[in-house]
Amino acid sequence: AKRSGKNSFRFYAREMNAQAAEMLRLDNSMPQGLVNGDFYLHYQPQLNLEDNSVVAVEALLRWRHPELGMIPPDRFIPLAEESGFIIKLGEWVLRTACAQCAAWQQDGPAPLRIAVNVSGCQFNEPDFVDMVSTALSSSGLSPEYLELELTESLLISNEQQALQKLQLLKSMGIYLAIDDFGTGYSSLAYLKHFPLDRLKIDKSFINDILTDPDDAAITEAIIAMGHSLKLKVIAEGVETREQLLFLEDRGCDEMQGYYLSKPLSEHDLKVFITARAAD
Ligand code: C2E
Ligand code: CA
Ligand code: CA
Ligand code: CA
């Protein structure tokens, strides 16, 4: 103990209460925030390493709280998952992403596919597939322009049900990716049953690929395994040219990260795509 026991306990309890109160406050203000338009999406471009083209973006949710300012998704998504508000919020994300992507098909500088993150509790809703189908039809977006990013833990929590849903989504023509690949503790057996298109190597591996031989080996193994299963492999969190060259050299298909671009507003994305097209 660094301080006298009683005082440090009081200090700790006060901290805990403040933290709990803030979490409650955030959680309670999400529904109103959605009504007020405090949530919006940013779009991070993904680069095809074979021909250097940008053909897709990932939609990333942002929340500007009226009093507290920007709240990072790593803080509010877990709260929304706990309270169940993620169901509504996730539906809003999907509808907004599909509508935006459909608008790009009409007047954007180039057609882009959009990748949308899906929470486990959202995916487990009985009407998840219907919800996706409605988001597509009401936006007019063709299914082959939508990709869903799912996590390993989501897929293995109820394998039979997940398999059925994935087959339905796949038969609609939607792309399916495993997000944060390599961080789950699952067996890899599920990979051969599920109709997947892409593995996304988690940025925790990419971060140290040049300095940590273990991370380099894991990254190489994921690329090799992905390819032998006929999956595309994308690396996230690429921040430097050296990391990019490493991945390119190992045959990684695509990359996403600050080295190419941070997540952008709709307007800035348009500027980014237009500038690349002019090169
Ligand atoms: P994620 O799906 O793994 O998304 C990648 C995160 O890495 C994003 O953080 C992105 O901004 C960040 N990133 C991109 N490039 C780089 C880079 O080069 N270096 C580093 N250090 N980071 C990079 P963000 O936007 O803060 O999102 C955090 C997490 O919140 C996401 O991780 C995802 O799990 C969750 N999330 C975001 N939007 C949604 C959503 O609409 N629905 C759900 N269910 N989850 C979401
Ligand atoms: Ca993601
Ligand atoms: Ca990740
Ligand atoms: Ca994630």
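The values are calculated or read from the model by the stated rules, or taken from the named source; none is laboratory data. These numbers were taken from a predicted model, which means no experiment stands behind them. We place every Cβ from the backbone using ideal geometry, glycine too, and count neighbours over all the protein chains shown.
General remarks:
- Whichever residue in region 19-74 is within 16 Å of residue 262 (Cα to Cα) and of a type in the set (Gly, Ala, Ser) and, among such residues, is surrounded by the most Cβ atoms within 10 Å (Cβ to Cβ): 56
- Residues in region 3-43 that are modelled with pLDDT under 95 and either touching a helix residue (DSSP H, G or I) at 6+ places or on another chain (Cβ under 7 Å) or part of a helix (DSSP H, G or I) (or both): 25 in all.
- Check on residue 109, outside any helix (DSSP H, G or I) and free of Cβ contacts under 8 Å to residues at least 12 places away in the same chain: no
- Leading residue by the ranking (surrounded by the fewest Cβ atoms within 10 Å (Cβ to Cβ)) among those in region 175-198 that are away from ligand 1 (no atom under 12 Å from the Cβ) and under 24 Å from residue 141 (Cβ atoms): 195
- Candidates 136, 154, 150 - the one that is in a helix (DSSP H, G or I), surrounded by 15 or more Cβ atoms within 10 Å (Cβ to Cβ) and within 16 Å of ligand 3 (Cβ to nearest atom): 154
- Of all the listed residues (196, 247), the sole one being within 16 Å of ligand 2 (Cβ to nearest atom) and either at pLDDT 95 or above or among the β-branched types (Val, Ile, Thr) (or both) is 196.
- Hey, residue 159 within 16 Å of ligand 2 (Cβ to nearest atom) and either within 20 Å of residue 256 (Cβ to Cβ) or surrounded by fewer than 16 Cβ atoms within 10 Å (Cβ to Cβ) (or both) or not: no
- Taken over region 159-188, the residue count meeting the criterion of being within 13 Å of residue 123 (Cα to Cα) and hydrophobic (A, V, I, L, M, F, W, C) is 6.
- If you check 103, 59 for being in contact with a Phe, Trp or Tyr (Cβ under 9 Å, 6 or more places away or on another chain) and either small (Gly, Ala, Ser) or more than 20 Å from residue 147 (Cα to Cα) (or both), only one passes: 59.
- Test result for residue 46, part of a helix (DSSP H, G or I), more than 9 Å from ligand 1 (Cβ to nearest atom) and at pLDDT 95 or above: no
- Take the conditions (1) more than 14 Å from ligand 1 (Cβ to nearest atom); (2) within 26 Å of residue 234 (Cβ to Cβ); residue 106 misses just one of them, which is (2).
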